[in-house]
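J.: Input: one structure, supplied below.
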Amino acid sequence: MRQLLRYSTVFVFFLGLQFSPLGAQTRLSYGFHLSPEVNYIMSTPKSSRDKKLTTGKSGMAASASLGGYLEYELIPNIYLRGGMNVAVRRHYYEVERRFEETDEIAMGENKVTYYAIEMPGAIVARTNFMKKNDRFLIGVGGVLNRWIGDPWIENSFINGSANPEYRTFAKQTVTGFIGYEFELSRHSSMSIEPYLSYTPTRFYFENYSYADVKAEGGISFRVRFDT
């Protein structure tokens, strides 16, 4: 939480600088984004000696984040980006349970939803302007720190699944992205940025397997304002 407050203070400071007379002389810009995404979960056996009472399968779920950010041009066409997001993260996968007495199989599901405040950062490289003041970009970054609230968990077979020992969330992530940016007006532009993220998240609800987020990606829609 202390890191969250520290990042928030820095963000507000630079945002205030943006609207000050000094900010008008810098290469600082600000913007907002909406980023829908999907994640895919796959389960892996823990040990061949474990009884197959409950076994995870796979699943896919949609999430989204919304936030504001600042960009500073370090050198021509190279930018440092940082900001603050509010995100809702959803995870879903199917579960199979075997009853030892009858050897029957029942299907269920796990649903995990949580809200988070995130501090993302990235390095962005843009091409030179083209004929219509549009350009391409590429970048790498991720979430530097994430504060996660208590998750909402719906589990078909496990009682007491809200226990933290059943889950491991990623506090930091790594993201790579590309994009296309085009001009909206003299002082504003919009970019569309597909991205892929590495988010080491794991769930331990089943006795025979654990479930990992294998892939996470989406599209970020950003509007940026220059001074």
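The values are calculated or read from the model by the stated rules, or taken from the named source; none is laboratory data. What you see is a predicted model; the values in this text were computed from it and never measured. Here the Cβ positions follow ideal geometry from the backbone for every residue, glycine too, while neighbour counts run over all protein chains shown.
J.: Any idea how many residues of segment 99-134 are surrounded by 14 or more Cβ atoms within 10 Å (Cβ to Cβ) and in a strand (DSSP E or B)? Talk me through it step by step, then tell me what you get.
T.: Pass one, segment 99-134, residues surrounded by 14 or more Cβ atoms within 10 Å (Cβ to Cβ): 108-122, 124, 126, 134.
Now narrow it down to the ones that are in a strand (DSSP E or B): 108-122, 124, 126.
Going through segment 99-134 one residue at a time, the tally reaches 17.
J.: Further, regarding this structure: For segment 149-183, how many residues meet the condition of being assigned to a loop (DSSP other than H, G, I, E, B) and closer than 30 Å to LEU53 by Cβ?
T.: Residues of segment 149-183 that are assigned to a loop (DSSP other than H, G, I, E, B), as a first pass: 149-151, 156-163, 169-173.
Subsequent filtering for residues that are closer than 30 Å to LEU53 by Cβ retains 150-151, 156-163, 169-170.
Here the count works out to 12.
J.: Inside segment 68-94, can you point out the residues that are over 25 Å from THR113 (Cβ atoms) and polar (S, T, N, Q)?
T.: ASN77
J.: With (1) closer than 29 Å to ARG97 by Cβ; (2) at pLDDT below 90 as the list, and ARG186 as the residue in question, which single condition is left unmet?
T.: (1)
J.: Right, here's the next one. What residue, of ILE148, ILE158, ILE153, is touching a residue at least 12 places away in the same chain (Cβ under 8 Å), aliphatic (A, V, I, L, M) and out of contact with any Ser or Thr (no Cβ under 9 Å at 6 or more places or on another chain)?
T.: Going through ILE148, ILE158, ILE153 in turn, just one is touching a residue at least 12 places away in the same chain (Cβ under 8 Å), aliphatic (A, V, I, L, M) and out of contact with any Ser or Thr (no Cβ under 9 Å at 6 or more places or on another chain): ILE148.
J.: Of all residues in segment 184-201, count the ones that are in contact (Cβ under 8 Å) with a residue 24 or more places away in the chain, assigned to a loop (DSSP other than H, G, I, E, B) and farther than 24 Å from ASN145 by Cβ.
T.: Restricting attention to segment 184-201, the residues satisfying the condition of being in contact (Cβ under 8 Å) with a residue 24 or more places away in the chain are 184, 187-195, 197-201.
The next check asks that each one be assigned to a loop (DSSP other than H, G, I, E, B); those that pass are 187, 199-201.
Keeping just the survivors that are farther than 24 Å from ASN145 by Cβ gives 187.
Going through segment 184-201 one residue at a time, the tally reaches 1.
J.: I need the full set of residues from segment 144-200 which are among the hydroxyl-bearing types (Ser, Thr, Tyr) and out of contact with any Pro (no Cβ under 9 Å at 6 or more places or on another chain), in order please.
T.: Answer for segment 144-200, where residues must be among the hydroxyl-bearing types (Ser, Thr, Tyr) and out of contact with any Pro (no Cβ under 9 Å at 6 or more places or on another chain): SER156, SER161, TYR166, TYR180, SER185, SER188, SER189, SER191, TYR195, SER197, TYR198, THR199.
J.: Of everything in segment 97-122, what is closer than 29 Å to GLY149 by Cβ and without any contact (Cβ under 8 Å) to a residue 60 or more places away in the chain? Give them in sequence order.
T.: GLY108, GLU109, LYS111, THR113, TYR114, TYR115, ALA116, GLU118, PRO120, GLY121, ALA122 - these are the residues of segment 97-122 that are closer than 29 Å to GLY149 by Cβ and without any contact (Cβ under 8 Å) to a residue 60 or more places away in the chain.
J.: Which of the numbered conditions does PHE182 fail, given that it passes all the others? Conditions: (1) over 21 Å from the mean Cα position of the chain (by Cα); (2) buried (at least 17 other Cβ atoms within 10 Å of the Cβ).
T.: (2)
J.: So, one more: Would you point out the residue of segment 162-177, among those that are surrounded by fewer than 18 Cβ atoms within 10 Å (Cβ to Cβ) and either among the basic types (Lys, Arg) or over 20 Å from the mean Cα position of the chain (by Cα) (or both), that is modelled with the lowest pLDDT? Give the steps one after another, and end with the answer.
T.: Within segment 162-177, the subset surrounded by fewer than 18 Cβ atoms within 10 Å (Cβ to Cβ) is 162-165, 168, 171-172, 174, 176.
Filter again for either among the basic types (Lys, Arg) or over 20 Å from the mean Cα position of the chain (by Cα) (or both), leaving 162-165, 171.
Details: ALA162: 61, ASN163: 69, PRO164: 73, GLU165: 76, LYS171: 88.
Checked segment 162-177; the qualifying residue modelled with the lowest pLDDT is ALA162.
J.: Exactly one of (1) over 21 Å from LEU53 (Cα atoms); (2) touching a His at 6+ places or on another chain (Cβ under 8 Å) is unmet by PHE203. Its number?
T.: (1)
J.: Could you say which residue among GLU193, GLU206 is farther than 20 Å from ALA64 by Cα and among the charged types (D, E, K, R)?
T.: GLU206
J.: Select, from GLY83, GLY68, the only residue that is surrounded by 18 or more Cβ atoms within 10 Å (Cβ to Cβ) and part of a strand (DSSP E or B).
T.: Step by step, each of GLY83, GLY68 is checked, and only GLY83 is surrounded by 18 or more Cβ atoms within 10 Å (Cβ to Cβ) and part of a strand (DSSP E or B).
J.: Now for a separate question. Looking at segment 82-114, which of the residues that are hydroxyl-bearing (Ser, Thr, Tyr) and modelled with pLDDT of 90 or more is farthest from GLY142 (Cα to Cα)?
T.: TYR93
J.: Can you tell me which residue among ARG98, ARG89 is in contact with a Ser or Thr (Cβ under 7 Å, 6 or more places away or on another chain) and within 17 Å of ASN155 (Cα to Cα)?
T.: ARG89
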